[in-house]
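> Sharing a structure here in structure tokens format.
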Amino acid sequence: AQSVTQLDSQVPVFEEAPVELRCNYSSSVSVYLFWYVQYPNQGLQLLLKYLSGSTLVKGINGFEAEFNKSQTSFHLRKPSVHISDTAEYFCAVTNNNAGNMLTFGGGTRLMVKP
Amino acid sequence: EADIYQTPRYLVIGTGKKITLECSQTMGHDKMYWYQQDPGMELHLIHYSYGVNSTEKGDLSSESTVSRIRTEHFPLTLESARPSHTSQYLCASSESDGGAVGYTFGSGTRLTVV
């Protein structure tokens, strides 16, 4: 079985400040990890994914995430946020035994303040 | 640019009415999913399909039903809508091979039952 925990339900941050959204996963096998972003009244859009290889993954809109196997984490970071980054962010995990079925975390609401 | 389309985007309907939420994708994906998303953000899998004539119930019990007569089409039906069905419904699809692809999401249908 696999599971995902997003440790913060809301993260307020001022514009141009750095941000980290935390994600921890649980799985007994090798995993694939994803971050999705959801803007208001929209579906989810893929930000980035980790499949294998380099543990630092770069995505769209200046976001990056680092896979840490020993800590079973996949935290999302951005060095300087914009008002337009205000959205919901979802971490997700799957593995080859899961038939491509993603397990999503509960989401983190990023609120960027001017 | 979305390759998976959901209609309608918004729907307000009276209690007891029958409704069908449409979901179509042009990517030839075998796997399709329906999620219910509460105002608190968390995604709940309510139905999925691994191909034509294949449908399964998800983790969250739902009074809705689905069908998969064509690869590209995965409609969700509520025979008798109730206020408790008020929610956002998200459709997604993915390729069959392995777990390394993630999902493509539609823009969602926001349903309000009055």
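> Identify, please: which residue in region A:1-17 is open to solvent by 80 Å² or more (accessible area, probe 1.4 Å) and aliphatic (A, V, I, L, M) and is, among those, modelled with the highest pLDDT?
Top of the filtered list is A:L7.
> Might you let me know whether region B:97-113 holds any residue that is away from chain A (no Cβ under 14 Å) and either closer than 20 Å to A:V37 by Cβ or surrounded by 13 or more Cβ atoms within 10 Å (Cβ to Cβ) (or both)?
For region B:97-113, residues away from chain A (no Cβ under 14 Å) and either closer than 20 Å to A:V37 by Cβ or surrounded by 13 or more Cβ atoms within 10 Å (Cβ to Cβ) (or both): present.
> Regarding region B:100-107, can at least one residue be identified that is at positive phi and in contact (Cβ under 8 Å) with a residue 12 or more places away in the chain?
no
> Can you tell me which residue among A:E64, A:E16, A:E88 is among the acidic types (D, E), more than 14 Å from every other protein chain (Cβ to nearest Cβ), within 26 Å of B:S107 (Cα to Cα) and out of contact with any helix residue (DSSP H, G or I) (no Cβ under 9 Å at 6 or more places or on another chain)?
A:E64
> Same structure again: I'm told B:L11 meets every condition in (1) touching a Leu at 6+ places or on another chain (Cβ under 9 Å); (2) under 26 Å from A:T103 (Cβ atoms) except one. Can you identify the failing condition by its number?
Just one mismatch for B:L11, condition (2).
> Follow-up question, since we're still on this one. Can you list the strands (runs of 3 or more DSSP E) lying wholly within region A:1-93 that have 1 or more residues being small (G, A, S)?
In region A:1-93, A:3-6, A:23-26, A:64-68, A:73-78 are the strands (runs of 3 or more DSSP E) which contain 1 or more residues that are small (G, A, S).
So that you can scan it fast, the table gives a plain yes or no per residue for (1) within 30 Å of B:L60 (Cα to Cα); (2) surrounded by 16 or more Cβ atoms within 10 Å (Cβ to Cβ):
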residue	(1), (2)
A:Y50	yes, yes
A:G53	no, no
A:V57	no, yes
A:F63	no, yes
A:F74	yes, yes
A:H82	no, no
A:F90	yes, yes
A:M111	yes, no
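> Please state which one of B:Y50, B:Y10 is open to solvent by 40 Å² or more (accessible area, probe 1.4 Å), farther than 24 Å from A:C91 by Cα and of a type in the set (S, T, Y).
Of B:Y50, B:Y10, the one residue that is open to solvent by 40 Å² or more (accessible area, probe 1.4 Å), farther than 24 Å from A:C91 by Cα and of a type in the set (S, T, Y) is B:Y10.
> Does A:T103 satisfy the condition of being surrounded by fewer than 21 Cβ atoms within 10 Å (Cβ to Cβ), hydroxyl-bearing (S, T, Y) and over 11 Å from the mean Cα position of the chain (by Cα)?
Considered against the rule, which asks whether it is surrounded by fewer than 21 Cβ atoms within 10 Å (Cβ to Cβ), hydroxyl-bearing (S, T, Y) and over 11 Å from the mean Cα position of the chain (by Cα), A:T103 comes out as no.
> Among the residues of region A:91-108, write down those that are in contact (Cβ under 8 Å) with a residue 40 or more places away in the chain and facing chain B (nearest Cβ under 7 Å).
Within region A:91-108, A:T94, A:N95, A:N96, A:A98, A:L102, A:F104, A:G106, A:G107 meet the criteria.
The values are calculated or read from the model by the stated rules, or taken from the named source; none is laboratory data. From a predicted model like this one, the values you see are computed outputs, not experimental measurements. In this analysis, Cβ positions are derived from the backbone assuming ideal geometry, glycine residues included, and neighbour counts consider all displayed protein chains. To get the accessible areas, we keep the full protein, side chains included, count just its heavy atoms, and leave off ligands, DNA and RNA. Shrake-Rupley method; radii C 1.70, N 1.55, O 1.52, S 1.80 Å.
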